Amino acid sequence: MKRIVIVGGGAGGFELVTQLSRYCRKHAMLELVLVDKVRTHIWKPLMHEVAAGVINKSSDGVDYRMHASRNGYEFQQGTLTNLDATAQTITLDAYHDENGQLILPERQINYDILVLAIGSVSNDFGTPGVKEYSYFLDSLAQAERFHRALINQLLRINQPETKQNILKISIVGAGATGTELAAQLHHVANLSKAYGMPEMSAKRIQITIIEAGSRILPALPERIANAAKQALQKLNIRILEDTRVIRAQQDGFVTSEDELIESDLMVWAAGVKAPDIIKQLDLFELNRSQQILVKPSLQTKTDDHIFVLGDCCACEQADGSWVPPRAQSAHQMASLVYKNIIHQLNGQPLKDYVYSDYGSLVHLSKYSTVGSLMGNLSNSSMFVEGKLARLVYTSLYSMHQIAIHGWLKGMLVMLSRKVGNMVSTKLKLH
């Protein structure tokens, strides 16, 4: 009996376990285990929508244990704390409830093949005060924590007797997460007027995006960045480029020019790194972002029994470029790791990973969607915006649902979501 263990149920890890479960059901001598620290899967590109309160984890999340039961694999909830490559075991920490009562003890899980797909976390670059005063959007728990704080602040500002007329929100980092969150917050401020806060509107919210680089969306083509910037400015969202934050404090962010950007809510979305456990294990070759350097086959350079995919993977391409930490990268890596695991089990040569850039999209709530299609599939990208871009953006999520549920159930899930959006509230208030 051979056991395949996947640590991390994000976009790539969850799609991989779904593919492997179909293969393992036909091969009785294979066991499949998925490990994740939480119980519910949320597609990470939607995390800012959870934070804003425009989607609900109950309708957009997938319960790992239920999915495991339906697909014939084992799910273990826990956080990776150790990896013994010689003994081929991983250790998961003990799990306690909110009252400190032990629910699951510390466990060791044996593996024959291990896949690390533990994603990424926000990188505060050691900036003083950020951990104490800012919100991150790395996980479902953090997104829900920000949402609760947002609703509380909207309720406070809504009171007629309040002495503060404007709610100030600052977001450090003008990547996709920062820009998309800003647009959603503008939309939510207007929505709240119809949900028991008659004094609220977008006119009473001041959103500031702070970017250390020369422009927003630095990882995307300039034309997309310019279109997104124009759309955000039409919403009166303030954009500060070439502005470096040196510390956070209770009343806002302080820039390198010693300017205080006053804030009631502060969000840090300025870059990512692999989780610290990767560095603490001291087993792999890492880059500056703590990502694990891999061979073209996506195996680690130190152990052929360990594969890596997604945001924690540092994969160099033939032209010297590095695969970007995006959902489409994780999707493509999952497909290759699936094939390579089967090849390894059958003693066949492994294939190399070649990243295909299918373009980029930025969804600015109901106001605009802009992006480019085709990427390196053609000599030039095709710029899209409006309804076409929105349709493509929606289809990406649909493809993810189909990947984890199959065609029939995936389409039913999307139909259910569509109907739910028509009859449910537009803003989550709890």
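The values are calculated or read from the model by the stated rules, or taken from the named source; none is laboratory data. Everything quoted here is computed from the prediction, not taken from an experiment. Note: ideal-geometry Cβ built from the backbone for every residue, glycine included; neighbour counts use all protein chains shown.
Given the condition at pLDDT below 95, surrounded by 17 or more Cβ atoms within 10 Å (Cβ to Cβ) and in contact with a Gly (Cβ under 8 Å, 6 or more places away or on another chain), answer yes or no: does some residue in region 331-352 qualify? Yes, region 331-352 has at least one match. When the residues of region 80-106 are narrowed to those that are modelled with pLDDT of 95 or more and β-branched (Val, Ile, Thr), which ends up farthest from LYS37 (Cα to Cα)? Only one residue tops the list, namely THR86.
What are the pairs with Cβ atoms under 8 angstrom where one residue, in region 270-281, is in contact (Cβ under 8 Å) with a residue 12 or more places away in the chain and the other, located anywhere, is aromatic (Phe, Trp, Tyr) and part of a loop (DSSP other than H, G, I, E, B)? Sequence gap at least six, or different chains. What qualifies is ALA270/PHE125; GLY271/PHE125; ILE278/PHE284. In region 110-137, the qualifying residues are those that are of a type in the set (Val, Ile, Thr) and not in a loop (DSSP other than H, G, I, E, B), and the one that is nearest to the chain's Cα centre (by Cα) is VAL121.
Each row is one residue, and each column tells you yes or no for (1) under 30 Å from GLY359 (Cβ atoms); (2) among the hydrophobic types (A, V, I, L, M, F, W, C); (3) in contact with a Ser or Thr (Cβ under 8 Å, 6 or more places away or on another chain); (4) crowded, with 18+ Cβ neighbours inside 10 Å.
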| residue | (1), (2), (3), (4) |
| --- | --- |
| SER122 | yes, no, no, yes |
| GLY126 | no, no, no, no |
| ALA141 | no, yes, no, no |
| MET197 | no, yes, no, yes |
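Against the test of being surrounded by fewer than 21 Cβ atoms within 10 Å (Cβ to Cβ), at pLDDT 95 or above and in contact with a Gly (Cβ under 7 Å, 6 or more places away or on another chain), the options LEU240, LEU283, LEU293, LEU260 yield a single qualifying residue, LEU260. Selection of strands (runs of 3 or more DSSP E) fully inside region 246-348 by the criterion of at least 2 residues being touching a Lys or Arg at 6+ places or on another chain (Cβ under 7 Å) returns 252-255. Which of (1) touching a residue at least 60 places away in the same chain (Cβ under 8 Å); (2) closer than 30 Å to ARG148 by Cα is the odd one out, the single condition THR255 does not satisfy? Of (1) touching a residue at least 60 places away in the same chain (Cβ under 8 Å); (2) closer than 30 Å to ARG148 by Cα, only one is false for THR255: (1).
Can you confirm whether ALA28 is surrounded by 15 or more Cβ atoms within 10 Å (Cβ to Cβ) and of a type in the set (Gly, Ala, Ser)? So ALA28 fails the test. Scanning region 312-367 for residues that are in contact with a strand residue (DSSP E or B) (Cβ under 8 Å, 6 or more places away or on another chain) and over 24 Å from ALA176 (Cβ atoms) yields VAL337, ASN340, ILE341, GLN344, LEU345, LEU350. Return a yes/no flag: does region 223-239 have any residue that is among the β-branched types (Val, Ile, Thr), within 14 Å of TYR367 (Cα to Cα), touching a strand residue (DSSP E or B) at 6+ places or on another chain (Cβ under 8 Å) and not in a helix (DSSP H, G or I). Yes, region 223-239 contains a residue that is among the β-branched types (Val, Ile, Thr), within 14 Å of TYR367 (Cα to Cα), touching a strand residue (DSSP E or B) at 6+ places or on another chain (Cβ under 8 Å) and not in a helix (DSSP H, G or I).
Condition check ((1) among the small types (Gly, Ala, Ser); (2) not in a strand (DSSP E or B)) across all residues:
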residue	(1), (2)
GLY12	yes, yes
VAL17	no, yes
ARG22	no, yes
GLU31	no, no
LEU46	no, yes
ALA51	yes, yes
ILE55	no, yes
MET66	no, yes
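Considering only residues in region 280-337 that are closer than 10 Å to TYR353 by Cβ and aliphatic (A, V, I, L, M), the one that is nearest to the chain's Cα centre (by Cα) turns out to be LEU309.
Is it true that ASN152 is closer than 17 Å to LEU364 by Cα and either surrounded by fewer than 23 Cβ atoms within 10 Å (Cβ to Cβ) or at pLDDT 95 or above (or both)? Spelling it out, it is not the case that ASN152 is closer than 17 Å to LEU364 by Cα and either surrounded by fewer than 23 Cβ atoms within 10 Å (Cβ to Cβ) or at pLDDT 95 or above (or both).
The residues of region 138-166 that are over 16 Å from the mean Cα position of the chain (by Cα) and assigned to a loop (DSSP other than H, G, I, E, B), listed by number, are GLN159, PRO160, GLU161, THR162, LYS163, GLN164, ASN165, ILE166.
The criterion of being under 19 Å from LEU116 (Cβ atoms) and crowded, with 24+ Cβ neighbours inside 10 Å does not hold for VAL38.
As a summary of the residue check, ILE157 satisfies the conditions (1) in contact with a helix residue (DSSP H, G or I) (Cβ under 8 Å, 6 or more places away or on another chain); (2) closer than 22 Å to VAL254 by Cβ except for the one numbered (2). Scan (1) surrounded by 19 or more Cβ atoms within 10 Å (Cβ to Cβ); (2) of a type in the set (Ser, Thr, Tyr); (3) without any contact (Cβ under 8 Å) to a residue 40 or more places away in the chain for the single condition SER356 breaks and write down its number. Unmet for SER356, out of (1) surrounded by 19 or more Cβ atoms within 10 Å (Cβ to Cβ); (2) of a type in the set (Ser, Thr, Tyr); (3) without any contact (Cβ under 8 Å) to a residue 40 or more places away in the chain: (1).
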